[in-house]
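The values are calculated or read from the model by the stated rules, or taken from the named source; none is laboratory data. Since the structure is predicted, the reported quantities are computational estimates derived from the model, not experimental observations. For neighbour counting, all protein chains shown are included, and Cβ atoms are generated from backbone atoms with ideal geometry for every residue, glycine included. SASA here: full protein model, heavy atoms, side chains in, ligands and nucleic acids out. Shrake-Rupley method; radii C 1.70, N 1.55, O 1.52, S 1.80 Å.
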Amino acid sequence: MCLRPSITHPQTIVIGTRGSALARWQADHVAALLGAAYPDLAVEIAVITTRGDRVLDTPLPLIGGKGVFTAELEHALRGGSIDLAVHSLKDLPTDDPPGLTVGAVPQRAGVHDALVSRAGQTFDSLPPGATIGTSSRRRAAQARHARPDLQIADIRGNVPTRVSKVEDADGPYDATLLAQAGLERLELADRISEVLPLDRMLPAPGQGALGIQCRDDADSRALLSALNHDPTRRAVAAERAFLAGLGGGCALPIAAHGTLDGDTLRLRGRVSAPDGSRQIDVKGEASLSGADPLAAAQALGKKLAEEARAQGAMELLTYPE
């Protein structure tokens with residue numbers, strides 16, 4: 001049973017978010033979930049600009065992978081100017097910063113990556129030498145592995161900006177790779193040329209899920225308990241444990257996807273060489289029927305990370321910036 005805080009007087013909760021259309025959608029979605037759980041709760045949204053939003057002329061891995069889209073929100077949360085921060089979970093570092101925690105992970109959307117191409121081609125029908133724009137080393141590495149002939153170029157900007165750059169007839173990009181969930185949330189699903197199968201493009205740990213960050217206190221955790229979706233939380237806990245077990249952040253070519261079938265969690269993990277020359281795939285399953293299903297999920301992620309390490313994963317992840 002969820003612990004529900006006793007709200008006897010009108011209260012206002014301030015949600016911090018980045019200013020992009022997708023981030024605002026995510027914050028509005030969480031505000032709606034809070035409103036449904038607590039009809040007497042007033043919710044306000046505060047827009048905060050992060051370093052990743054300000055620096056648009058540098059590839060993301062070069063401006064610092066961990067926390068590039070989260071540090072300013074976490075500072076505001078610690079300082080008390082906001083009560084919650086809503087993140088794309090795939091952007092959130094795996095270690096909780098001091099005094100903060102992920103209080104809830106709502107039900108996840110689709111996890112797949114999608115191709116948006118100027119001429120409506122699929123990944124396999126892109127012409128030899130076509131240019132794909134992506135700022136994700138994970139997507140770039142897996143694309144190179146599948147199609148070594150493709151050119152990969154950095155692309156920055158929010159989701160609508162990236163789509164418009166691809167659709168520009170005079171632009172440098174023939175296609176881009178984006179999360180299916182983000183395109184659908186922004187009502188841009190009609191721009192999708194192909195939803196890529198998981199064998200081709202395994203997603204980032206936590207992709208499609210939101211992480212609601214709060215101060216690590218009993219009241220905040222109790223408030224958010226009503227928004228937590230246990231199957232999603234357990235699946236992403238395994239994925240993020242796999243990432244943490246490899247010492248990785250969102251800037252590294254590490255992918256993972258967990259699914260629950262009853263009490264059985266199945267997890268796939270992948271580490272790719274940045275140039276696409278090699279991929280290490282691992283998979284396993286675990287029962288979550290014990291007393292601490294979250295710990296069991298994390299243990300599976302750590303186990304697969306060790307298996308990937310034994311196959312040489314760290315050699316693939318050690319390369320010059």
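Tabulated results
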{"quantity": "Among (1) within 30 Å of ALA32 (Cα to Cα); (2) open to solvent by 20 Å² or more (accessible area, probe 1.4 Å); (3) over 20 Å from the mean Cα position of the chain (by Cα), the one test that ARG233 misses", "calculated": "(3)"}
{"quantity": "Options ALA237, ALA218; residue that is in contact (Cβ under 8 Å) with a residue 12 or more places away in the chain, of a type outside the set (Lys, Arg) and under 27 Å from GLY290 (Cβ atoms)", "calculated": "ALA237"}
{"quantity": "Positions within the stretch 169-197 being within 30 Å of LEU300 (Cβ to Cβ), touching an Asp or Glu at 6+ places or on another chain (Cβ under 9 Å) and assigned to a loop (DSSP other than H, G, I, E, B), in sequence order", "calculated": "LEU196"}
{"quantity": "Candidates PRO197, PRO205, PRO148, filtered to the one that is touching a Leu at 6+ places or on another chain (Cβ under 9 Å) and modelled with pLDDT of 95 or more", "calculated": "PRO205"}
{"quantity": "Residue in the stretch 108-120 that is in a loop (DSSP other than H, G, I, E, B) and out of contact with any helix residue (DSSP H, G or I) (no Cβ under 8 Å at 6 or more places or on another chain) present", "calculated": "yes"}
{"quantity": "The stretch 129-157, subset in contact (Cβ under 8 Å) with a residue 60 or more places away in the chain and hydrophobic (A, V, I, L, M, F, W, C), residue most open to solvent (accessible area, probe 1.4 Å)", "calculated": "ALA146"}
{"quantity": "Enumeration of residues in the stretch 79-101 that are of a type in the set (Gly, Ala, Ser) and either open to solvent by less than 30 Å² (accessible area, probe 1.4 Å) or assigned to a loop (DSSP other than H, G, I, E, B) (or both)", "calculated": "GLY80, SER81, ALA85, SER88, GLY99"}
{"quantity": "Residue within the stretch 279-294 that is part of a helix (DSSP H, G or I), open to solvent by 20 Å² or more (accessible area, probe 1.4 Å) and touching a residue at least 24 places away in the same chain (Cβ under 8 Å) present", "calculated": "yes"}
{"quantity": "Selection count where residues are in a strand (DSSP E or B) and of a type in the set (A, V, I, L, M, F, W, C), scope the stretch 238-269", "calculated": "6"}
{"quantity": "Top-ranked residue of the stretch 110-128 - restricted to ones that are buried (at least 18 other Cβ atoms within 10 Å of the Cβ) and among the hydrophobic types (A, V, I, L, M, F, W, C), ranked as nearest to ALA27 (Cα to Cα)", "calculated": "VAL111"}
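Listed here are the residues, each with its yes/no results for (1) assigned to a loop (DSSP other than H, G, I, E, B); (2) under 15 Å from VAL102 (Cα atoms); (3) out of contact with any helix residue (DSSP H, G or I) (no Cβ under 9 Å at 6 or more places or on another chain).
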| site | (1), (2), (3) |
| --- | --- |
| ASP199 | yes, no, yes |
| PRO203 | yes, no, no |
| GLY208 | yes, no, no |
| GLN213 | no, yes, no |
| ARG221 | no, yes, yes |
| VAL236 | no, yes, no |
